[in-house]
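Every read-out reported here was derived from the displayed coordinates using simple, explicitly stated rules and does not represent laboratory data. Nothing here was measured: the structure is a model prediction, and the numbers come from that model. Heads up, the Cβs are rebuilt from the backbone with ideal geometry, glycines too, and the neighbour counts pull from every protein chain shown.
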Amino acid sequence: MPITDERWSGLPLLMCNMDPGLYRLDVQTPVLITRDDLGTQVEVLNDGPRRTAFRQAPLRFDLFSAGLVMDAVSDRPATKSLVVALPPDWMPADDGVSDGQIRLRARFQFADLELRRLVWRLTTHHRSGEPLGHSYNGAVSRTIVDRVVRLQLALEAREPDRVGLRPEARHLVEVLIEDSLQEPPSAAALAARVGIGLGRFLREFKVTFAATPHQYIQQRRLARARELLRATDASLSTVALETGFASHSHFSTVFRAATGITPSTYRRADSITQA
């Protein structure tokens, strides 16, 4: 059952309410599912050579990728799960694959505190009547997608056949990005400086940093912004421009979506800590 409608500017939110019985489900769009209590028994029928079976656990996430077919058995009345849909148009681009689209892989029964906080922020903002405006929904939703993708890339980086950038190439990339956060070089330009092809560069970059170039640049912008907020009395507009954000409002929205507090609150809290 949809929680949000077409006026909602964030990731679609749904509530899955299952009465006792057996359900056959075909996943058309990747979905992230979580719940607060013990859930249904799930058997994924086409996730590799062996069937994957588990019972939904409280405070855990299940990520179902597009194309999965599963049977869900509910043995209790009104078994409810929160569903966050992850439509393709929210996915970041990936020039390292043929169609330029990042593909989410299924992952079951995992915990991630940061992802839980982000989902809580998004759902709470909806329940509260969107007091921070539509742009906040979008910013938190993009941060959720970034977190999901980063978790996947971190897992892929630990696979034995993955190779990252050479130490000297990694250092060069870090310096080039850090020195030009206002107008960072494109992935193609970075690949040229490192001296490898774009596809290989993107693969090795994701293994090295567990992030896409866009995600990594956003991380460094936020890190630099936190440094400026702590160490200077520069206005928020100045901090925004010096770290590559389009405007004060854009900076504040992205900062709050990522940290849960506004830049000015962060600055005040840091000054109190140092006092």
*Under 12 Å from the Cβ of PRO20, count the other residues' Cβ atoms, weight Lys and Arg +1, Asp and Glu -1, and hand me the total.*
-1
*Cβ-based charge dipole, the chain, positive-most Cα from ALA154, ALA269, PHE255*: ALA269
*Calculate the tail of P(r) for the chain: the fraction of all Cα-Cα distances greater than 25 Å, expressed in %.*
54
*Can you give the charge dipole size of the chain about its Cα centre, rounded to the nearest 20 debye, using +1 on the beta carbon of Lys and Arg and -1 on the beta carbon of Asp and Glu?*
480
*Arrange the following residues from fewest to most other Cβ atoms within 10 Å of their Cβ: THR238, THR208.*
THR238, THR208
*From the square roots a ≥ b ≥ c of the eigenvalues of the alpha-carbon gyration tensor of the stretch 13-157, which class results: rounded (a/c under 1.5), prolate (a/b over b/c), or oblate?*
oblate
*Sorted from largest down, what three extents in whole angstroms do the Cα atoms of the stretch 187-275 have along their principal axes?*
49, 23, 21
*Coil-residue trypsin sites (Lys or Arg not before Pro) of the stretch 183-275, DSSP, other Cβ within 10 Å capped at 15*: none
